């Protein structure tokens, strides 16, 4: 078990974390696996919605830079939220964060003509169930937002210089996680 103090450079709040412990041993304190302050747990993942904290709307790259600057426990990093992970409940994510929210940046971008990728390096297929008809709009708009609708939330392409709220997600550090950049 390892203890760590972290300070969020945006709020100046210091938190102490215990991690790398499965909470199965008898302990003299309450052991709870949870998310850092400002993050909400959905299934096995922790998310933060910028609108909940009055953070100004940002461009895609500014939003990504904000997420990656957040203080999280050692062994983890934060970035823009992504969909489609095997242990992720995308429908619950959308119900909680998207249904009654404005359009928000997610961690997907145009890598090359009509070839979109998630920031973890996985392909975001143009045939994905998350795209509505006529999307993705290839070649012009380089970044991806998630948008509410009366039927179901959907992904849409957008100019990366427009400003929107965003959703951050915490990821465990992994050699397979690619730190992609949009250009």
#### Entry: Yes/no for residue 108 being touching a helix residue (DSSP H, G or I) at 6+ places or on another chain (Cβ under 7 Å) and touching a residue at least 40 places away in the same chain (Cβ under 8 Å)
no
### Task
State which residue is surrounded by the fewest Cβ atoms within 10 Å (Cβ to Cβ) when the search covers only the range 70-111 and only residues that are out of contact with any strand residue (DSSP E or B) (no Cβ under 8 Å at 6 or more places or on another chain) and outside any loop (DSSP other than H, G, I, E, B).
91
### Query
If you take the residues in the range 112-125 that are in a strand (DSSP E or B) and at pLDDT 90 or above, which one is farthest from the chain's Cα centre (by Cα)?
115
### Query
Across the range 118-154, what is the number of residues that are crowded, with 19+ Cβ neighbours inside 10 Å and more than 17 Å from residue 63 (Cα to Cα)?
6
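Each row is one residue, and each column tells you yes or no for (1) modelled with pLDDT under 90; (2) assigned to a loop (DSSP other than H, G, I, E, B); (3) closer than 13 Å to residue 64 by Cβ.
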site	(1), (2), (3)
127	no, yes, no
131	no, yes, no
146	no, no, no
150	yes, yes, no
168	no, no, yes
181	yes, yes, yes
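Could you tell me whether the range 157-164 includes any residue that is surrounded by fewer than 13 Cβ atoms within 10 Å (Cβ to Cβ), more than 24 Å from residue 46 (Cβ to Cβ) and modelled with pLDDT under 90?
No, every residue in the range 157-164 fails to be surrounded by fewer than 13 Cβ atoms within 10 Å (Cβ to Cβ), more than 24 Å from residue 46 (Cβ to Cβ) and modelled with pLDDT under 90.
The values are calculated or read from the model by the stated rules, or taken from the named source; none is laboratory data. On a predicted model such as this, the values are computed, not experimentally measured, just so you know. Backbone-built Cβ (ideal geometry, glycine too); neighbour counts: all protein chains shown.
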